[in-house]
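Okay, so here's the structure we're looking at.
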Amino acid sequence: MSFEEVFDASYKRVISDSNNGVSFFDAFYIQFLGCNEEVAARFSNTDMTAQQGMLKKSFYSLFAFYASGQADDSIRNIAEKHNHKNLDIKPEFYDQWLECLIQTLSQYDEQFCNDVELAWRLVMAPGITYMKFKYDKEY
Ligand code: HEM
């Protein structure tokens, strides 16, 4: 199985697992907001139900970027929204974001193993690199 296939199969498992009514994306945000006060402060006025829906959608943008190697309007808009002029999400926040995602994954995918973890890290890496790179670049 390719890493893309490993990621796909794992993603299907985690989104269909409601873990006592707490979805994967809910659990991710609980983890991410708990990781430090500054992250929590950034979301203090956010409707987290809408936010987790948006993240679910934006996962497709991250995946499409990995698969196509081309930035579409969706990932461009997300990066612009997060850059220093707008939400001002500093590059180091993305490392915490990814670690929380992997932590949540380890709790939600009953087949979690090194290959699954690596597949997710590989799929997320181009999108995260893109977002970090665009933090202080002009469009
Ligand atoms: C690759 C990782 C990430 C993706 C795909 C992502 C995706 C998104 C999307 C799609 C939105 C909604 C944009 C809109 O309203 O048009 C959003 C909003 C937001 N994101 Fe991210 N994000 C990422 C990482 C982060 C990180 C690391 C932080 C750090 C704290 C963060 C903080 C926020 C905040 C504060 C908002 C605005 C929430 C609100 O509207 O109140 N994001 N993100």
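The values are calculated or read from the model by the stated rules, or taken from the named source; none is laboratory data. Because the structure is predicted, anything quoted here is derived from the model rather than measured. Positions of Cβ are generated from backbone atoms using ideal geometry, with glycine treated the same way; all protein chains shown enter the neighbour counts. Please note that ligands, DNA and RNA were not included when accessible areas were found on the heavy atoms of the full protein model with its side chains. Shrake-Rupley method; radii C 1.70, N 1.55, O 1.52, S 1.80 Å.
At full extension, Asn36 and Ser18 could sit 4.0 nm farther apart than now, given 0.36 nm per residue minus the alpha carbon distance.
Between Phe28, Phe93, Phe63, the Gaussian network model of the chain with springs among Cα atoms under 10 angstrom shows the greatest mean-square fluctuation at Phe93. In units of the rule-of-thumb radius 2.2 N^0.38 Å, region 75-116 shows an alpha carbon radius of gyration of 1.54.
What does the accessible area per residue of region 49-119 come to in Å², with a 1.4 Å probe and no ligands, DNA or RNA counted? Before the final figure, lay out the partial values.
Details: 4010 Å² over 71 residues.
Spelled out: the 1.4 Å probe surface of region 49-119, per residue, equals 57 Å².
Ordering of 122-135, 12-25, 39-52 by packing is 122-135, 12-25, 39-52, highest average first (other Cβ atoms within 10 Å, averaged per residue). Only helices enter this figure: runs of n ≥ 4 DSSP H residues, each worth -39500 (n - 2.57), summed and divided by the residues of the chain, yield -23500 deg cm²/dmol at 222 nm to the nearest 500. For the chain, the number of Lys pairs separated by eight or more positions or lying on different chains, with C-alpha atoms closer than 23 Å, is 20. Contact order normalised by length for region 34-139, with contacts defined as Cα pairs under 8 Å and 6 or more residues apart; what percent is it? Here the relative contact order equals 37 percent. For Tyr108, the shell of other residues with beta-carbons less than 11 Å away shows a net charge of -3, using +1 for Lys and Arg and -1 for Asp and Glu. Helices that extend 15 Å or more along their long axis by alpha-carbon positions and average at least 1.0 on the Kyte-Doolittle scale are, among the DSSP H runs of the chain, 24-35.
Rounded to a whole number, what % of the accessible area of the chain do carbon and sulfur atoms account for, probe 1.4 Å?
Carbon plus sulfur share of accessible area: 52 percent.
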